[in-house]
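The values are calculated or read from the model by the stated rules, or taken from the named source; none is laboratory data. Remember, it's a predicted structure, so these values are computed and weren't measured experimentally. Cβ atoms come from the backbone with ideal geometry, glycine included; neighbour counts cover every protein chain shown. Surface areas here come from the heavy atoms of the whole protein model, side chains and all, with no ligands, DNA or RNA. Shrake-Rupley method; radii C 1.70, N 1.55, O 1.52, S 1.80 Å.
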Amino acid sequence: MSEQGVSVGIIGIGTYVPDRILTNHDLENMVDTSDNWIVERTGIKKRHIVEPEVATSDLAVYAAQKALVNAHVSADELDLIIVATATPDMFFPSVACLVQDRLQAVNAAAFDLAAGCTGFVYGVATGSQFIKSGLYKKVLVIGAETLSKIVDWTDRNTCVLFGDGAGAVVLSEVRSGYGILGIDLGADGSGGDHLKVPAGGSRIPATEQTVAGRLHYLSMNGNEVFKFAIKVMGEAAVKALDNAGMDYHSIDCLIPHQANIRIIQSAAKRLKLPMDKVMVNVDKYGNTSAASIPLALEEALEKGRIQHNDIVVLVGFGAGLTWGSCVIKWCKEENTIV
Ligand code: ACO
């Protein structure tokens with residue numbers, strides 16, 4: 001679907017990661033792994049992990065407050081808050097409602113969105129449509145996760161991969177011709193079993209047996225997810241570019257989901273992009289799921305890797321299985337980091 005009508009873009013961004021750092025060497029003392037294995041297979045060197053009393057909504061609020069300041073928008077101007085997360089504080093109320101209350105965003109509707117690591121891209125795509133339709137003017141989209149709360153810290157196959165964090169953006173109408181130019185979203189539910197938390201929902205409610213069986217932790221078929229990611233990352237970006245009337249030559253900066261350096265390199269190759277046009281920070285944060293793309297986007301902005309008029313492509317994949325990409329023509333004046 002090509003983006004017609006009112007131009008909608010990101011006018012402010014904010015991120016937050018907890019202070020506590022878990023290095024690969026720390027993990028060597030917890031499971032049978034090595035810094036060498038983790039760096040070679042994933043590119044991850046460390047990740048940030050919340051303290052036990054901290055929940056996803058706390059990270060979401062901190063990131064949101066920064067995004068509002070950056071956008072010069074007050075909380076009561078927000079019409080809608082969307083939180084993309086796979087690790088909500090609880091089943092309900094939604095994280096978005098908890099954030100709405102903490103921000104005192106009294107005029108905002110609020111809901112959560114579940115699309116795994118693709119959640120942020122799904123959130124930006126969804127939020128932008130409310131502005132395009134004329135219903136809303138300011139939408140806050142947050143990707144926030146505390147994956148550390150659902151990771152089995154005795155399972156070396158998964159515990160080395162994930163980290164905690166949050167990123168938020170404010171969406172608004174922007175100057176004509178700028179902002180979101182193309183979107184591609186997709187899902188293949190037949191692959192859902194490859195990445196899931198088996199118990200604790202309505203299919204397998206929590207019991208003593210499910211807890212004893214460690215069924216409340218994230219379970220993943222890493223090889224299958226890897227193959228899926230390699231396939232869809234490039235394809236999604238190509239489709240979103242096509243929707244924007246562009247091709248890979250147009251990309252100035254690729255902001256991929258930060259799951260694994262090998263997946264990122266493969267997407268870059270598929271898009272014929274040199275790595276200096278690809279933002280990578282998986283080494284510092286690990287896979288922060290729905291938070292990873294805004295964390296990478298803000299770092300790219302801070303490092304001056306995105307300039308006025310640049311074509312920025314967000315692309316992600318995740319649980320569901322899902323994928324998504326968004327092509328943005330960047331407008332510097334509306335995206336000043338403060
Ligand atoms: N340390 C040491 N050895 C390990 C570790 C570890 N942490 N983890 C696995 N191994 C071992 C395995 O047991 C296996 O040993 P074996 O050959 O004796 O059986 C060996 O290393 C190779 O395992 P593979 O799974 O084949 O390793 P691979 O190179 O495929 O890398 C990885 C595994 C990193 C998980 C990769 O498959 C991957 O990145 N997959 C995608 C994961 C992903 O992106 N998930 C996020 C999805 S997004 C979301 O919505 C949350």
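Residues that are surrounded by 21 or more Cβ atoms within 10 Å (Cβ to Cβ) and in a helix (DSSP H, G or I) within the stretch 67-82 comprise Ala67, Leu68, Asn70, Ala71, listed in sequence order.
Table: residues versus (1) open to solvent by 60 Å² or more (accessible area, probe 1.4 Å); (2) under 20 Å from Val17 (Cβ atoms); (3) assigned to a helix (DSSP H, G or I).
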residue	(1), (2), (3)
Lys137	yes, no, no
Gly177	no, no, no
Ile180	no, no, no
Gly186	no, no, no
Gly191	no, no, yes
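Screening Glu173, Glu208, Glu235 for residues that are assigned by TED's automatic domain parsing to the domain that holds Asp58, open to solvent by 30 Å² or more (accessible area, probe 1.4 Å), more than 13 Å from the ligand (Cβ to nearest atom) and of a type outside the set (A, V, I, L, M, F, W, C) leaves exactly one candidate, Glu173. Could you say which residue among Tyr248, Tyr285 is under 23 Å from Gly222 (Cβ atoms), in contact with a Lys or Arg (Cβ under 7 Å, 6 or more places away or on another chain) and of a type in the set (Phe, Trp, Tyr)? The conditions single out Tyr285.
Among the numbered conditions (1) of a type in the set (S, T, N, Q); (2) open to solvent by less than 40 Å² (accessible area, probe 1.4 Å); (3) away from the ligand (no atom under 16 Å from the Cβ), the only one that Thr158 does not meet is (3).
Return the residues of the stretch 2-35 that are open to solvent by 60 Å² or more (accessible area, probe 1.4 Å), within 16 Å of the ligand (Cβ to nearest atom) and of a type in the set (A, V, I, L, M, F, W, C); say none if nothing qualifies. Met30 - this is the single residue of the stretch 2-35 that is open to solvent by 60 Å² or more (accessible area, probe 1.4 Å), within 16 Å of the ligand (Cβ to nearest atom) and of a type in the set (A, V, I, L, M, F, W, C). In the list Asp276, Asp283, which residue meets the criterion of being within 15 Å of Gly43 (Cβ to Cβ) and among the acidic types (Asp, Glu)? After ruling out the rest, the residue left standing is Asp283. Restricted to the stretch 193-205, and to residues there that are over 16 Å from Leu147 (Cα atoms) and outside any loop (DSSP other than H, G, I, E, B), the residue that is most open to solvent (accessible area, probe 1.4 Å) is Asp193.
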